[in-house]
Amino acid sequence: MWQEKDNKLTRAFTFADFSEAFAFMTRVALLAEKMNHHPWWSNVYNKVSIELNTHDAGNIVTDKDRKLAEAIDLLLEERE
Ligand SMILES: C[C@H](O)[C@H](O)[C@H]1CNC2=NC(N)=NC(=O)C2=N1
């Protein structure tokens, strides 16, 4: 689940393998473009960590972050 800490909304994801992780990142990338809101993230093999905040608002968590987090969760639900 998402955690809000230090002005960031964060969540870590674990997938079966790198292909699954990267497929997820591709879908998030398209979503981020559509929403014009972009994650900080890192990936190694099957793990993806995402941190969201809004630099335009002074690096705090805003509605844009909450909306993107929600949309990312929906992406995952669609796949299950
Ligand atoms: C100009 C453009 O709308 C801004 O730079 C957007 C793009 N994506 C963004 N993404 C994030 N995470 N924070 C922002 O403040 C932000 N600003």
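We did not get these values from a lab; they are worked out from the coordinates using the rules stated. Note that the structure is predicted; figures quoted are calculated from it, not measured. Glycine gets a Cβ as well: all are built from the backbone with ideal geometry, and neighbour counts include every protein chain shown.
Quick notes on this structure:
- Over the chain, the hull volume per residue, using the convex hull of the C-alpha atoms, is 81 Å³.
- Rounded to 10°, Cα long-axis angle of helix 18-35 versus longest principal axis of the chain: 30 degrees
- Degrees separating the helix 63-79 axis from the principal Cα axis of the chain, which is the longest one: 10 degrees
- Distance between the 7 Å Cα→Cβ label points at F22 and W2: 2.8 nm.
- Counting only residues at least eight positions apart within a chain, or on another chain, the aspartates and glutamates with an alpha carbon under 15 Å from that of K8 are E51, D56, D63, D65, E70.
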